[in-house]
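Worksheet for the structure shown next.
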Amino acid sequence: MRNCHIYQRKETLNAMANQQHLELLRQGGANTWNTWRQSHPATFPELSGADLSGADLGNYNLSGADLSEANLHRANLRASQLLGAIVIGANLTNADLSGSI
């Protein structure tokens, strides 16, 4: 029963991430993402609870993004901009943060 509760909580958290932001992040690549960020400076990406395990997010501008409770296990975050990003409760186990700011 306890595992069921944890699974439901994770499902709820995934629902909190903005689906448009997730789609752009997953399909666009760093150049597309960073261009979108420049075009929408007042928009802070809502990626809380997202499963981004193993994602290649190297050189992405994630400044100010809400990554709380996100699964970033083994994600490539090399040289990514993370200034002001919210990472409370995020799983950063074995994530590559080399050169990130």
Please verify whether region 24-44 includes one or more residues that are assigned to a loop (DSSP other than H, G, I, E, B), at pLDDT 95 or above and surrounded by 16 or more Cβ atoms within 10 Å (Cβ to Cβ).
yes
Residue pairs, Cβ under 9 Å, 6 or more apart or interchain, first in region 63-82 and in contact (Cβ under 8 Å) with a residue 60 or more places away in the chain and farther than 19 Å from GLY49 by Cβ, second buried (at least 18 other Cβ atoms within 10 Å of the Cβ) and of a type in the set (Gly, Ala, Ser). List them.
none
Out of everything in region 18-54 that is within 9 Å of the chain's Cα centre (by Cα) and hydrophobic (A, V, I, L, M, F, W, C), what residue ends up being nearest to LEU82 (Cα to Cα)?
LEU47
Residues located in region 45-84, provided they are out of contact with any strand residue (DSSP E or B) (no Cβ under 7 Å at 6 or more places or on another chain), surrounded by 21 or more Cβ atoms within 10 Å (Cβ to Cβ) and farther than 16 Å from GLU23 by Cβ
GLU69, ALA75, SER80
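The values are calculated or read from the model by the stated rules, or taken from the named source; none is laboratory data. These numbers were taken from a predicted model, which means no experiment stands behind them. Every residue, glycine among them, receives a Cβ derived from its backbone with ideal geometry; neighbour counts consider all protein chains shown.
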